[in-house]
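Here is the structure we will look at, set down as structure tokens.
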Amino acid sequence: MTHPIRIGVQLQPQHAPDYGLIRDAVLRAEDAGVDIVFNWDHFYPLTGDADGAHFECWTMLGAFAEQTERVQIGALVTGGGYRNPDLLADMARTVDHISGGRLILGIGAGWFAKDYAEYGYDFGTPGTRLALLKEYLARITARFAVLNPAPTREIPILIGGGGERKTLRLVAEYAHIWHSFSNREVLAHKSEVLAEHCATVGRDPRRIERSVSWPGAEGAQAFVDQGVSLFTIGSSGPKYDLSKVIEAVRWRDEREPEAVTGLA
């Protein structure tokens, strides 16, 4: 199974004191031809002024759903412990309907200690956060099955991370997309580990789309040769520079030009 090459942009909702700056960036990204517009799920900036301007993830995704027409939308990634999982499933189903079936549910175990401390969540340890993610994924998928109205389709789940014993097992069980933060050498090893987990749970690893950050046009083909098909570029406020996004879209289109139809 092969997946089409796709380009995503992560519009990081930091340092944009006017939401209109984010709205404009979403419009420019869709017009530029990206396939997916992501945000992220944090409560404070990750770079620059630690107490700078910042907006919340999921209310923003509802706005993305109304504003856009073509692109898929989602968080890269939702913090697993920030919301009741049944509520999160309902939120995802609702945004999926608002967007006409264009939501990707990106989720991870969480890692940014300030989010937890300032908003009153138990930070715990990597192990407890992963255990919670495992519980939440089971509850989310169970809730999807009983919501009325149901999601528009099987909402694709993106899991970010690369822990070999726990995270990749969850990828094998639940994910449609796996976002890895690895270089090519580490990615090759972790892909083998993922294949072993898939064999254990009876799943074809080729059905799981591979996702990484954009390495530049000169390095992207090597990742494609390793099975990667989704590349994402991050951009931060207030200016939301999309020059790298445009480069990536151009590379995608030169590599996979649209078929010409209607000619004799």
Q. Taking Asn148 and the conditions (1) within 26 Å of Leu87 (Cβ to Cβ); (2) in a loop (DSSP other than H, G, I, E, B); (3) in contact (Cβ under 8 Å) with a residue 12 or more places away in the chain, which numbered condition does it fall short on, given that it satisfies the others?
A. (3)
Q: Go through the residues of the range 229-239 one by one and say whether even a single one is more than 24 Å from Ile107 (Cβ to Cβ), out of contact with any Asp or Glu (no Cβ under 6 Å at 6 or more places or on another chain) and not in a helix (DSSP H, G or I).
A: yes
Q | Residue among Gly101, Gly52, Gly80, Gly110 that alone is out of contact with any Leu (no Cβ under 7 Å at 6 or more places or on another chain) and farther than 24 Å from Ala16 by Cβ | A | Gly101
Q) Where residues in the range 29-57 are among the aromatic types (Phe, Trp, Tyr) and surrounded by fewer than 19 Cβ atoms within 10 Å (Cβ to Cβ), which of them is farthest from His97 (Cα to Cα)? A) Tyr44
Q: Look at Glu209 and say whether it is among the acidic types (Asp, Glu) and touching a residue at least 24 places away in the same chain (Cβ under 8 Å).
A: yes
Q. Going through the range 148-176 one residue at a time, which ones are of a type in the set (Gly, Ala, Ser) and surrounded by fewer than 16 Cβ atoms within 10 Å (Cβ to Cβ)?
A. Ala150
Q. Taking the range 231-250 as the search range and keeping residues that are of a type in the set (Ser, Thr, Tyr) and in contact (Cβ under 8 Å) with a residue 24 or more places away in the chain, which one is surrounded by the most Cβ atoms within 10 Å (Cβ to Cβ)?
A. Thr232
**Q.** Residue ID - nearest to Glu254 (Cα to Cα), chosen from residues in the range 194-230 that are hydrophobic (A, V, I, L, M, F, W, C) and surrounded by fewer than 18 Cβ atoms within 10 Å (Cβ to Cβ)
**A.** Ala217
**Q.** Whichever residue in the range 113-137 is of a type in the set (A, V, I, L, M) and in contact with a strand residue (DSSP E or B) (Cβ under 9 Å, 6 or more places away or on another chain) and, among such residues, is nearest to Ala175 (Cα to Cα)
**A.** Leu137
Q. Give me the pairs: first residue in the range 110-123 and in contact (Cβ under 8 Å) with a residue 60 or more places away in the chain and over 22 Å from Leu137 (Cα atoms), second residue loosely packed, with under 15 Cβ neighbours inside 10 Å and aliphatic (A, V, I, L, M), beta-carbon distance under 8 Å, and six or more apart or on different chains, which are they?
A. Lys114/Ala50
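One line per residue, one yes/no per condition, for (1) part of a loop (DSSP other than H, G, I, E, B); (2) at pLDDT 95 or above; (3) closer than 21 Å to Gln72 by Cα; (4) within 20 Å of the chain's Cα centre (by Cα):
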{"site": "Glu196", "(1), (2), (3), (4)": "no, yes, no, no"}
{"site": "Ser211", "(1), (2), (3), (4)": "no, yes, yes, yes"}
{"site": "Pro215", "(1), (2), (3), (4)": "yes, yes, no, yes"}
{"site": "Gly219", "(1), (2), (3), (4)": "no, yes, no, no"}
{"site": "Val249", "(1), (2), (3), (4)": "no, yes, yes, yes"}
{"site": "Asp253", "(1), (2), (3), (4)": "no, yes, yes, no"}
Q: Given the conditions (1) surrounded by 22 or more Cβ atoms within 10 Å (Cβ to Cβ); (2) of a type outside the set (S, T, N, Q); (3) assigned to a loop (DSSP other than H, G, I, E, B); (4) under 17 Å from the mean Cα position of the chain (by Cα), report the number of the one that Pro4 does not fulfil.
A: (1)
Q.
Looking at Glu164, Glu173, Glu135 in this structure, which one is closer than 25 Å to Ser213 by Cα and part of a helix (DSSP H, G or I)?
A. Glu173
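The values are calculated or read from the model by the stated rules, or taken from the named source; none is laboratory data. Just so we're clear, the structure is a prediction, and the values are computed from it rather than from any experiment. FYI the Cβ positions are ideal-geometry reconstructions off the backbone, even for glycines, and counts take in every protein chain you see.
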